Amino acid sequence: MLNTRYILLNQMPEPLPIPEPNGPAWIASGWQQAASAEEEIAGVASMNDPKMAVIHEQYSAQIEGLAPGATGSVELTSYSPDTLSYDVALDADGLVVFSEIWYPIGWTCTLNGQIEQPIRVNYLLRAMRVPKGNHEIIWSYGAPNRAGLAGIANMLLCLFIGGGLYFGFSRHGMKRDS
């Protein structure tokens, strides 16, 4: 699921290649829904097709009316730790799964520049519904605004250093006078 190309085992002299990894993203060949996290994990464990997806029922509205069977291509065109760009071409509306860990805080997904809601699949991967046609999908990370916390932390650090210097010099000065 995570674009694994080799498995390394201590007992083997050479890494074991995975013959056909899904790559950085793929079009789901089908999916099933799960009512709980335990059902999601059990569904993933029992999958025979590596391009299948298991979707928690909390995302059912986002896949409503979507039918398996879309074909096409998904190509990672640009990669950096905080921005991933993909070109997608589909012959029908489909579900595209990204070989990226689900972490909704700070990540934004756009389809042709419009913000879209991601879907969690296979308990730990990102996915999104993509309409028929050619599209650009960009995942970008922007840390949540924590300027207030950073300001408080900096102020406390300054107070700590200032207090240490004040008490250090005043204590040192007291020893001289004694």
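Taking the solvent-accessible surface of protein heavy atoms with a 1.4 Å probe, what is the per residue accessible area of region 35-125 in Å²?
Details: 4750 Å² over 91 residues.
In whole numbers, region 35-125 has 52 Å² accessible per residue.
Net charge near residue 21: determine it from the other residues with C-beta under 12 Å of the C-beta of residue 21, scoring Lys and Arg +1 and Asp and Glu -1. Intermediate values should be presented prior to the final figure.
Numbers: positive: 5, 51; negative: 20.
Charge balance near residue 21 sits at +1.
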Per the charge dipole of the chain (beta-carbon charges, Lys/Arg positive, Asp/Glu negative, Cα centre), the residue among 109, 92, 142 reaching farthest to the positive end is 142
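By its C-alpha gyration tensor, with a ≥ b ≥ c as the square roots of the eigenvalues, how is region 1-148 shaped: rounded for a/c under 1.5, else prolate for a/b larger than b/c, else oblate?
Working: a/c = 1.35, a/b = 1.18, b/c = 1.14.
Verdict is rounded for region 1-148.
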So the angle from the long Cα axis of helix 147-177 to the longest Cα principal axis of the chain, reported in degrees to the nearest 10, equals 20 degrees
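What's the extension gain from residue 134 to residue 57 if we count 0.36 nm per residue and subtract their Cα-Cα distance?
Numbers: separation 77, 0.36 × 77 = 27.72 nm, distance 2.82 nm.
This chain segment gains 24.9 nm when fully extended.
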Rounded to one decimal in nm, the spacing of the 7 Å Cα→Cβ label points at residue 37 and residue 12 is 3.1 nm
For the chain, the accessible surface attributable to carbon and sulfur atoms (probe 1.4 angstrom, ligands and nucleic acids excluded) amounts in percent to 58 percent
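Could you size up the charge dipole of region 1-89 around its Cα centre, putting +1 on the beta carbon of Lys and Arg and -1 on that of Asp and Glu, and report it in debye to the nearest 20? Working shown, then result.
On the way: 2 positive and 11 negative charges, 43 e Å.
Rounded to the nearest 20 debye, it is 200 debye.
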So residue 158 and residue 143, fully extended at 0.36 nm per residue minus their Cα-Cα distance, gain in nm 3.0 nm
With every protein chain in place, the accessible area of residue 170 for a 1.4 Å probe, in Å² rounded to the nearest 10, comes to 40 Å²
Subtracting the Cα-Cα distance of residue 20 and residue 82 from 0.36 nm times their residue separation yields 19.6 nm
Karplus ³J(HN,Hα) for region 34-45 (6.51 cos²θ - 1.76 cosθ + 1.60, θ = phi - 60°; Hz, whole; x = Gly/Pro) runs 10, 8, 8, 4, 4, 5, 4, 5, 4, x, 5, 5
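The values are calculated or read from the model by the stated rules, or taken from the named source; none is laboratory data. Note that the coordinates shown come from a computational prediction; the quantities given were computed from them, not determined experimentally. Note: ideal-geometry Cβ built from the backbone for every residue, glycine included; neighbour counts use all protein chains shown. The accessibility values were calculated without ligands, DNA or RNA, using every heavy atom of the protein model including side chains. Shrake-Rupley method; radii C 1.70, N 1.55, O 1.52, S 1.80 Å.
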